[in-house]
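The values are calculated or read from the model by the stated rules, or taken from the named source; none is laboratory data. Remember, it's a predicted structure, so these values are computed and weren't measured experimentally. Note that we place each Cβ from the backbone using ideal geometry, even for glycine, and neighbour counts take in every protein chain shown. What goes into the accessible areas is simple: the full protein's heavy atoms, side chains included, and nothing from ligands, DNA or RNA. Shrake-Rupley method; radii C 1.70, N 1.55, O 1.52, S 1.80 Å.
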Amino acid sequence: MTVADRSKGAGQDDDLPDVIEIVRAMGLDAMGEDTEPPSPALPATAPRADDGPRLPAHLEKLADRARDYVEAASSANTRRAYAADWKHFCAWARRQGVDAFSPDPGVVGLYITACASGSVSGDKQPNAVSTIERRLSSLSWNFTQRGQPLDRKDRHIVTVMAGIRNTHAAPPRQKEAILPEDLIAMLETLERGTLRGLRDRAMLLLGFAGGLRRSEIVALDVGRDQTEDGRGWIEILDKGMLVSLRGKTGWREVEVGRGSSDATCPVVAVQTWLKLARIAHGPLFRRVTGQGKAIGADRLNDQEVARLVKRTALAAGVRGDLPEGERGKLFAGHSLRAGLASSAEVDERYVQKQLGHTSAEMTRRYQRRRDRFRVNLTKASGL
């Protein structure tokens, strides 16, 4: 039964239409071009220009809510990546004269081969294995949204992907850890007494002390349930600050203790920012406008955190032993998390809890200067 048939019969019997199918169909019908992905931008339930079928009026609000839930099923970064990868695949398929909308494993196998060989027009170099794996996940997700699942276990995909991994896989490139002495030097590069400087100081200190991801830093609100797009909030206590946030592994609480001095205390930095920026409700970190004299209402984008870390690390001369072009590739938002994991002289399980990792092995990947040979099996075996 089509969406139109369901809509017409909604008033004649008690059978409700499948809202998820309707939302998906609305997304497909509203495409401006075939290369547009079915999500994340599902359209609102406005009347169609061609007077075609639409939802009964009493279900429009439910469809809007379903649309919100569809968008909430993945992060904004994931949705942007999936949309970009789908366009990348469709552009390649169009140039090759093959059908992009049929989930043919053979075609997908040729596509990932082209990605690995660097023969996709517009790519400056062959895609990394991690990029190809993400593109494959993007295609699988987009085909599923169109009601035509891709068989990723087909030999055309599995065998080619295994060969790509064996041929091109390289060790992961980790971002440089920002150590405490680096962070202090970075803070000195910020403008003193300005709103932007106070905000940036608070973001760096909170991100480091909390071991937070860049997306978690900008998603915080001043208090609980204050915004629809907020994914956490802060609570300032006598001994520190409690950060409640929803990250990749679900909801967790992060305890951020007060520092040994006000100059490096993340709690004092956040309190100073809130007081002088006159923020009592809504997003914690916002844009500074009006030549640095006014505070915007919208929260910052997580890319701003990455830019802040890179900019201040370069200005502070962190890893000055390397050429500037090479140094610029070393720092990002994850540098703060790696810095805490590498410098906190406490039991590993406390670091694991702070970072929200589900395994100690993941935490060890962040510890750049831990004692790797603390357990010496060579000597323990008698050699």
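For the Cα trace of the range 277-323, dividing Rg by the Kirkwood Rh returns an Rg/Rh value of 1.14.
At 1.4 Å probe size, with the rest of the protein present, what percent of the exposed accessible area of the range 225-320 is carbon and sulfur atoms?
46 percent
Phi angles of the range 121-131 translate, via the Karplus equation with coefficients 6.51, -1.76, 1.60 and θ = phi - 60°, into HN-Hα couplings of 4, x, 7, 6, 7, x, 6, 5, 4, 5, 5 Hz per residue; Gly and Pro are given as x.
Under the definition of Cα pairs under 8 Å and six or more residues apart, what whole-number percent is the relative contact order of the range 138-276? Don't skip to the end; give the middle numbers.
Details: 140 pairs, mean separation 21.8, N = 139.
16 percent.
Taken along the Cα-to-beta-carbon direction at a fixed 7 Å, the label points for Ser261 and Asp99 span 7.0 nm. Karplus-based coupling profile of the range 231-237, in residue order and whole Hz: 10, x, 7, 10, 9, 8, 10, with θ = phi - 60° in 6.51 cos²θ - 1.76 cosθ + 1.60 and x standing for Gly or Pro. Suppose we look only past 19 Å in the calculated P(r) of the range 165-223. What percent of the Cα-Cα pairs does that tail hold? When every Cα pair of the range 165-223 is considered, 46 percent fall beyond 19 Å. Net charge of the neighbourhood of Lys293, taken over other residues with C-beta under 14 Å away and scored Lys/Arg +1, Asp/Glu -1, is +4. Accessible area per residue for the range 158-304 is 54 Å², calculated with a 1.4 Å probe on protein heavy atoms, without ligands, DNA or RNA. In order along the range 82-93, the Karplus-derived 3J(HN,Hα) couplings, from 6.51 cos²θ - 1.76 cosθ + 1.60 at θ = phi - 60°, round to 4, 5, 5, 5, 5, 5, 4, 5, 5, 5, 5, 4 Hz, and Gly and Pro are given as x.
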